[in-house]
Amino acid sequence: MIPIAAGARIWIATGHIDMRKGMQGLALLVQEGLGRDPFAGDVFVFRGRAGTLIEALWHDGIGLSLYAKRLDRGRLIWQATVDGVVS
């Protein structure tokens, strides 16, 4: 279980990304693409093109963590928005 602070927000990046990106690549995407601070303690969730893999980026105050989940069957359906992020 991830011990996320009560005030932390979870941001879902709409669309899909290249899932070969690591922590630094996703942190850069959060900064430049979403206009958010990846080191603020919020959780940022990304989806791969096929919809079977998600990655979550989180900074716990000590360092960045990257969590990944791959579905064995089915797909994740992502909500579409105009500005690229859902809070």
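The values are calculated or read from the model by the stated rules, or taken from the named source; none is laboratory data. Everything quoted here is computed from the prediction, not taken from an experiment. Cβ: placed from backbone, ideal geometry, glycine included. Neighbour counts: every protein chain shown. Just the protein is used for accessible areas: all its heavy atoms, side chains included, with ligands, DNA and RNA removed. Shrake-Rupley method; radii C 1.70, N 1.55, O 1.52, S 1.80 Å.
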**Prompt:** What do you reckon, is Val85 modelled with pLDDT under 85 and surrounded by 15 or more Cβ atoms within 10 Å (Cβ to Cβ)?
**Reply:** yes
**Asked** Any chance the range 42-62 includes a residue that's assigned to a helix (DSSP H, G or I) and either aromatic (Phe, Trp, Tyr) or more than 11 Å from the chain's Cα centre (by Cα) (or both)?
**Response** no
**Subset of the range 49-63 [more than 18 Å from Leu76 (Cβ to Cβ) and either open to solvent by less than 50 Å² (accessible area, probe 1.4 Å) or free of Cβ contacts under 8 Å to residues at least 40 places away in the same chain (or both)]** = Trp58, His59, Gly61, Ile62, Gly63
**Request:** Please verify whether the range 14-35 includes one or more residues that are surrounded by 12 or more Cβ atoms within 10 Å (Cβ to Cβ), touching a His at 6+ places or on another chain (Cβ under 9 Å) and more than 19 Å from Leu76 (Cβ to Cβ).
**Result:** yes
**Request:** Working only within the range 1-13, note down all residues that are within 15 Å of Asp60 (Cα to Cα) and open to solvent by less than 60 Å² (accessible area, probe 1.4 Å).
**Result:** Ala8
**Request:** Pairs only if they're at least six apart or on different chains, beta carbon under 7 angstrom, first in the range 9-21 and more than 15 Å from Thr52 (Cα to Cα), second open to solvent by 60 Å² or more (accessible area, probe 1.4 Å) and at pLDDT below 85; list them, first residue then second.
**Result:** Arg9/Ser87; Trp11/Ser87
**Request:** Could you please give the count of residues in the range 16-36 that are part of a loop (DSSP other than H, G, I, E, B) and closer than 21 Å to Leu71 by Cα?
**Result:** 7
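Name the residue, out of Phe46, Phe39, that is farther than 18 Å from Leu71 by Cα and either at pLDDT 90 or above or surrounded by 18 or more Cβ atoms within 10 Å (Cβ to Cβ) (or both). Break it down into steps so the answer makes sense when it comes.
Numbers: Phe46 fails: farther than 18 Å from Leu71 by Cα.
Checking each option against the conditions leaves just Phe39.
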